[in-house]
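Engineer: Following this message is one structure expressed as structure tokens.
The values are calculated or read from the model by the stated rules, or taken from the named source; none is laboratory data. Because the structure is a prediction, the values reported are computed rather than measured. Glycine also receives a Cβ, built like all others from the backbone with ideal geometry; neighbour counts cover every protein chain displayed.
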Amino acid sequence: MNPFQVLGLPVRPDLSDAQVRAAWRAIAAQTHPDRLDCGDTGAYTEAANAYAQLRTAWGRSEAYADLAITDPYVPASGPQARWPGQNQWQGLLLIPTRIRHGRPLRLLTRALVAAVLSLLVLVLIPGQPAGPAVVTGLVTWFFFSARADLAAPAGR
């Protein structure tokens, strides 16, 4: 599903909150199931899901990046460029580009914090069963928090 297309918006990560909200409200007013003509539940649900994805700047940049990897109709330009025959696993090759166009210093800071704390845990409690669990927690924290630094900031 292309959430931009569902809401009738151009495929751009720099749309404003007001633009997305206006598109959502227009579709919701036409398709809401509580209308006298019973609306269109399928279209309303699809539009609600699209709005849930695009309502924040972070969501729009992520949706744009995902479409650039999987949708052949997204323009092949910018940091998330698509090449012929690319599948979703080849999108992993775009990670260096997403780092470069995202927030590389914050990402490096997170990586250093996770590495230093992991080493500190292994030095302070060597051979203890809690050591690997804490290191696993730190690595998990890094991967889940680093995702925000891979996305291009809003307005790019």
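Engineer: Please pick out the residue among 22, 47 that is surrounded by 14 or more Cβ atoms within 10 Å (Cβ to Cβ) and either over 18 Å from the mean Cα position of the chain (by Cα) or at pLDDT 90 or above (or both). So that I can check it myself, show each step before the final result.
Structural biologist: On the way: 22 fails: surrounded by 14 or more Cβ atoms within 10 Å (Cβ to Cβ).
Going through 22, 47 in turn, the sole match is 47.
Engineer: Something else about it: Any idea which of 110, 100 is surrounded by 12 or more Cβ atoms within 10 Å (Cβ to Cβ), of a type in the set (D, E, K, R) and either modelled with pLDDT under 85 or within 20 Å of the chain's Cα centre (by Cα) (or both)?
Structural biologist: Details: 100 fails: surrounded by 12 or more Cβ atoms within 10 Å (Cβ to Cβ).
After ruling out the rest, the residue left standing is 110.
Engineer: Another question, then. Output the residue which, of all residues in the range 126-142 that are loosely packed, with under 12 Cβ neighbours inside 10 Å and among the hydrophobic types (A, V, I, L, M, F, W, C), is farthest from residue 107 (Cα to Cα).
Structural biologist: The residue in question is 130.
Engineer: For the range 29-49, which positions are touching a residue at least 40 places away in the same chain (Cβ under 8 Å) and charged (D, E, K, R)?
Structural biologist: Of everything in the range 29-49, just one residue is touching a residue at least 40 places away in the same chain (Cβ under 8 Å) and charged (D, E, K, R), namely 46.
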